[in-house]
Amino acid sequence: MSSQTFWGYRRGPQGPPTPAELQGEVDRHNWLDMAGLLLILVGVFNIIDGIAAISDANYLSSHVLFSNLHAWGWFFLIVGILQIFAGAAVMKGAGWAAIVGIVTAFVNAISQFSSADTFVFWSLTILAADILVIYGLVRYGGDRGRTR
């Protein structure tokens with residue numbers, strides 16, 4: 001009987017885990033799912049912004065913090081691709097993906113904050129998503145298989 005598991009918890013002499021223990025596990029999985037989905041979503045938005053900047057779209061402002069619009073376009077394209085792969089890996093439970101997700105979300109948050117004078121609402125929305133991703137990954141990590 002002690003070799004059986006209940007949602008990743010070993011049954012001991014005390015019996016199955018309490019609802020409070022299960023709630024903590026459910027919270028961890030919910031935050032990791034949300035962080036992974038937001039990371040994928042922000043990655044898609046960054047890819048769209050990157051392609052638009054590379055192709056000289058009319059809706060983008062050429063007023064950038066440093067360098068030129070094409071360099072920022074390539075930057076957002078590469079960061080977006082990394083975010084999509086990291087988001088998918090976070091949802092599958094890869095531990096390394098949490099580190100990549102935190103780093104790319106932090107870099108993206110700084111770059112979105114620097115462009116907040118041009119696109120205020122868009123930059124603040126992406127910044128809020130990046131903050132949620134960072135919180136979810138720092139608080140709960142990327143290792144889904146971990147048991148207590």
In nm, give the distance between the simple-model label positions of Ile99 and Ile78, each being 7 Å from the Cα along the Cα-to-Cβ direction. 1.9
Let me see the P(r) profile for region 32-140: every Cα-Cα distance counted, bins of 10 Å, each bin given as a percent of all pairs. 17, 50, 26, 8, 0
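Each reported figure results from applying straightforward, stated rules to the coordinates on display, with no laboratory input. These figures come from a predicted structure and were not determined experimentally. For neighbour counting, all protein chains shown are included, and Cβ atoms are generated from backbone atoms with ideal geometry for every residue, glycine included.
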